[in-house]
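Engineer: For reference, the structure I am asking about is given below.
The values are calculated or read from the model by the stated rules, or taken from the named source; none is laboratory data. Just so you know, these numbers come straight off a predicted model, no measurement behind them. Reconstructed Cβ throughout: ideal geometry from the backbone, glycine too, with neighbour counts over all protein chains shown.
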């Protein structure tokens, strides 16, 4: 029985190694925990075979059909020779269960952090994202969510309001700024109009891209969902507005070799950034009963943390009032 308060308390090293054995692969005892908080991820040695990465899904987060839909999407991309790290099919399945934990096994992929300050890197990133989106646009997810104002914005706001997460003297300021921010997000969506939603990576930041001499490898589709294409592009942008404009131009040069980009989606860049900021705070709060979170994020739920978030949202409100970047 898994302790619901601490969902990974029963995932001991022996349990993790036995889980790999249950697939028919023979673990050789080498076990290295990788940096992951939502799930638990281990690099494992295999007898007479290459290293693998085993991901144990957080109990209660996704239903089986949603996980299988993630796997099917990455396998579909891999079949098109798009460089994604897809789960191994073992005994005819990609999703396995051992000791009450659901898990998947992946080939280990080496690589380094991409250099997003290089024009050629951004252009190649755009080209591969265009290929991913061209496939993603051909069907819709049936069991995975859509990135929208309700799920990332209002639901996150409501969760934070329902708990004792903010210092009492900052509650009024937070309530005011988050309401203003969400209204600004709604206004940005209104300016963009009815943009198309497609299957996305959903969390395409530098930590989920492994760069080799051959180019990028996209990993961790755990947050894949329906959403506007620009969701997978805006996290590649950084710096001042003129720097972001130049970066966007390089990305779109590669992207539009494979997928047409709707410039109306640029109205959503700062709106999506705002939703991510609010959702991230709620994510930390939702996971606070997992012992790994207080240890890894000791600054959460402090006076300084919430003061910084209030200032951050005020800055986002101002940015959402500005004209969007140009395609």
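Engineer: What number goes with the only condition from (1) loosely packed, with under 14 Cβ neighbours inside 10 Å; (2) in contact with a helix residue (DSSP H, G or I) (Cβ under 9 Å, 6 or more places away or on another chain); (3) not in a loop (DSSP other than H, G, I, E, B) that residue 104 does not pass?
Structural biologist: (1)
Engineer: To continue, here is another question. Would you say residue 110 is touching a residue at least 24 places away in the same chain (Cβ under 8 Å), assigned to a loop (DSSP other than H, G, I, E, B) and either in contact with a helix residue (DSSP H, G or I) (Cβ under 7 Å, 6 or more places away or on another chain) or over 20 Å from residue 39 (Cβ atoms) (or both)?
Structural biologist: Details: touching a residue at least 24 places away in the same chain (Cβ under 8 Å): yes; assigned to a loop (DSSP other than H, G, I, E, B): yes; either in contact with a helix residue (DSSP H, G or I) (Cβ under 7 Å, 6 or more places away or on another chain) or over 20 Å from residue 39 (Cβ atoms) (or both): yes.
So residue 110 fits the description; yes.
Engineer: Could you please let me know if residue 116 is touching a helix residue (DSSP H, G or I) at 6+ places or on another chain (Cβ under 8 Å), farther than 30 Å from residue 30 by Cα and at pLDDT 95 or above?
Structural biologist: Working: touching a helix residue (DSSP H, G or I) at 6+ places or on another chain (Cβ under 8 Å): yes; farther than 30 Å from residue 30 by Cα: yes; at pLDDT 95 or above: no.
No: the conditions fail for residue 116.
Engineer: Moving on to the next point. Considering only the stretch 236-258, I want to know if a residue exists there that is under 14 Å from the mean Cα position of the chain (by Cα) and under 17 Å from residue 130 (Cβ atoms). Break it down stepwise before answering.
Structural biologist: Of the stretch 236-258, the ones under 14 Å from the mean Cα position of the chain (by Cα) are 236.
Checking which are under 17 Å from residue 130 (Cβ atoms) leaves us with 236.
Among the residues of the stretch 236-258, at least one is under 14 Å from the mean Cα position of the chain (by Cα) and under 17 Å from residue 130 (Cβ atoms), which makes the answer yes.
Engineer: Would the stretch 301-309 turn up any residue that is surrounded by fewer than 22 Cβ atoms within 10 Å (Cβ to Cβ) and closer than 30 Å to residue 63 by Cα?
Structural biologist: yes
Engineer: Does residue 127 meet the test of being in a helix (DSSP H, G or I), assigned by TED's automatic domain parsing to the domain that holds residue 274 and modelled with pLDDT under 95? Please lay out each step first, then the result.
Structural biologist: Details: in a helix (DSSP H, G or I): yes; assigned by TED's automatic domain parsing to the domain that holds residue 274: yes; modelled with pLDDT under 95: no.
No.
Engineer: Report, by residue number, each residue of the stretch 221-266 that is within 21 Å of residue 197 (Cβ to Cβ) and without any contact (Cβ under 8 Å) to a residue 24 or more places away in the chain.
Structural biologist: The first filter runs over the stretch 221-266 and keeps only residues within 21 Å of residue 197 (Cβ to Cβ), leaving 221-237, 248, 251-252, 255-256, 258-266.
Within the stretch 221-266, 223, 260 meet the criteria.
Engineer: Only one residue in 316, 250 is at pLDDT 95 or above, farther than 27 Å from residue 178 by Cα and in contact with a helix residue (DSSP H, G or I) (Cβ under 8 Å, 6 or more places away or on another chain), so which one is that?
Structural biologist: 250
Engineer: While we're looking at this one, here's another question. So residue 195 fits all but one of (1) part of a loop (DSSP other than H, G, I, E, B); (2) without any contact (Cβ under 8 Å) to a residue 60 or more places away in the chain; (3) in contact with a helix residue (DSSP H, G or I) (Cβ under 8 Å, 6 or more places away or on another chain); what number is the exception?
Structural biologist: (2)
Engineer: Here is a follow-up. If you check residue 167 against the conditions, is it under 22 Å from residue 153 (Cα atoms), touching a residue at least 60 places away in the same chain (Cβ under 8 Å), surrounded by fewer than 20 Cβ atoms within 10 Å (Cβ to Cβ) and assigned by TED's automatic domain parsing to the domain that holds residue 143?
Structural biologist: Yes; evaluated as a whole, the condition is true for this residue.
Engineer: Now for a separate question. Pull up the stretch 52-67, narrow it to residues that are assigned to a helix (DSSP H, G or I) and out of contact with any strand residue (DSSP E or B) (no Cβ under 9 Å at 6 or more places or on another chain), then point me to the one that is surrounded by the fewest Cβ atoms within 10 Å (Cβ to Cβ). Explain how you work it out, then say what you get.
Structural biologist: Taking the stretch 52-67 first, the residues assigned to a helix (DSSP H, G or I) are 64-67.
Of the ones still in play, those that are also out of contact with any strand residue (DSSP E or B) (no Cβ under 9 Å at 6 or more places or on another chain) are 65-66.
Working: 65: 11, 66: 17.
The extreme case among them is 65.
Engineer: Next up: Looking at 290, 257 in this structure, which one is more than 16 Å from residue 237 (Cα to Cα), modelled with pLDDT under 95 and not assigned by TED's automatic domain parsing to the domain that holds residue 59?
Structural biologist: Values: 257 fails: modelled with pLDDT under 95.
Going through 290, 257 in turn, the sole match is 290.
Engineer: On to the next question. Can you pull out the residues in the stretch 7-26 that are more than 26 Å from residue 208 (Cβ to Cβ), touching a strand residue (DSSP E or B) at 6+ places or on another chain (Cβ under 9 Å) and not in a helix (DSSP H, G or I)?
Structural biologist: Passing the criteria: 10, 22, 24, 26.
Engineer: While we're looking at this one, here's another question. Looking at 206, 172, which is the one that is in contact (Cβ under 8 Å) with a residue 12 or more places away in the chain, over 19 Å from residue 146 (Cα atoms) and surrounded by fewer than 16 Cβ atoms within 10 Å (Cβ to Cβ)?
Structural biologist: On the way: 172 fails: in contact (Cβ under 8 Å) with a residue 12 or more places away in the chain.
On inspection, the qualifying residue turns out to be 206.
Engineer: Another question, if that's okay. When you scan the stretch 266-278, do you find a residue that is surrounded by fewer than 20 Cβ atoms within 10 Å (Cβ to Cβ), out of contact with any helix residue (DSSP H, G or I) (no Cβ under 7 Å at 6 or more places or on another chain) and closer than 24 Å to residue 169 by Cα, even just one?
Structural biologist: No; the residues of the stretch 266-278 include none that is surrounded by fewer than 20 Cβ atoms within 10 Å (Cβ to Cβ), out of contact with any helix residue (DSSP H, G or I) (no Cβ under 7 Å at 6 or more places or on another chain) and closer than 24 Å to residue 169 by Cα.
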